[in-house]
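Single-structure report; data block below.
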Amino acid sequence: MPAVPPAPDPTAADPAAPPVLPAPAPTPSPTATPAPNPTPAATAAQVVKPVVKPAPAPPAFAGPGVGQDFDGVPAVGRMFVVKGGGAYFCTASVVASPGHNLVLSAAHCLTGSDTQRVAFVPHYTRANPQPYGMFPVLQSGGHSRIWIDPRYRSRGPDRAATLDVAFAQVGPGRDGFAVEDVVGANRLLTRSGYAHAQVTLIGYPAAAARPRLCVNRTTKFTSADARIPGSFQRIDCTGYPGGTSGGPFLLHYDARTGTGDVVGVIGGWKTGGDNADTSYSSYFGASVRKLYEKAAAAAKAG
């Protein structure tokens, strides 16, 4: 499910448009002149972190595999990408990290966007497009702070479909706080196996006004197509078309916080599936853990 441009809603008087993304935000320079010492009042204000709001109540359970539109959760949102003169988006989620500044999506959503403007908008809905503001992906040396396994870049989305995972470092939001401190985060869980009895899937369909939620079991799928080798997680959930790529597979989901243990993202086999009712994920094993540790260490360091 490739990244897609926002589609207008034929029922809306003013079709939703992507937010105006800021110019690429650089990481702080070690040679930059430090700002003047803050006043005591300013210092006190800076250390008071926001309280993460509880997630909206989920919809009534409609049965395994039945996708439903819902009001969303703070730690999942849309990732907007400006490239080639157009704006595109996928789904992304906050993942806990030492720097409190990492988001997780699918590699196919962010490949080729190194020098473009990219921003994460948590808890996006058409009715309330930026409830927590916008968190721009930082840049360093003219490239976005995005970590993708180099084998994915060199082999491409088919031959390296088992590596369709990306982490990105985002800057602070409108109030100066790190994204994890504002909206909370999911925990990265690797080597947990392919089969799980209950996984919650969240994604943003291209033309929908709200995100989509579904609960079902996951199974192991091994590709019979030599062009797309490997094994993947599979989940049957209705109504996950383009735009949902990068949406998290959440194990141990807590409806009160809207978070859980993320064990996959929509992507991998045929970039997430060849129909809207079955989704796939690259397996979160040693390679994903290694990529996360590299991204987390770099993002914490600046």
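Taken together, the values in this text are just the output of simple stated rules run on the coordinates, not laboratory data. None of the values given here were measured: they were computed from a predicted structure. In this analysis, Cβ positions are derived from the backbone assuming ideal geometry, glycine residues included, and neighbour counts consider all displayed protein chains.
For Asp225 and Gln130, a Förster radius of 51 Å and the Cβ-Cβ distance give a FRET efficiency of 0.80, rounded to the nearest 0.05. Here's the list of aspartates and glutamates a cross-link from Lys294 could span, going by alpha-carbon distance under 13 Å and ignoring same-chain residues fewer than 8 apart: Asp149. When only alpha carbons are used to place a centre, segment 226-298 and segment 91-126 end up 14 Å from one another.
Compute the FRET efficiency between Arg153 and Lys300 as 1/(1 + (r/R0)^6), taking r as their Cβ-Cβ distance and R0 = 22 Å, and round to the nearest 0.05. Walk me through the numbers before you get to the answer.
Details: r = 24 Å, r/R0 = 1.07.
The value I calculate is 0.40.
For a paramagnetic label modelled on His252 (point 7 Å from Cα along Cα→Cβ), amide N atoms under 18 Å away belong, within segment 87-110, to 94-98.
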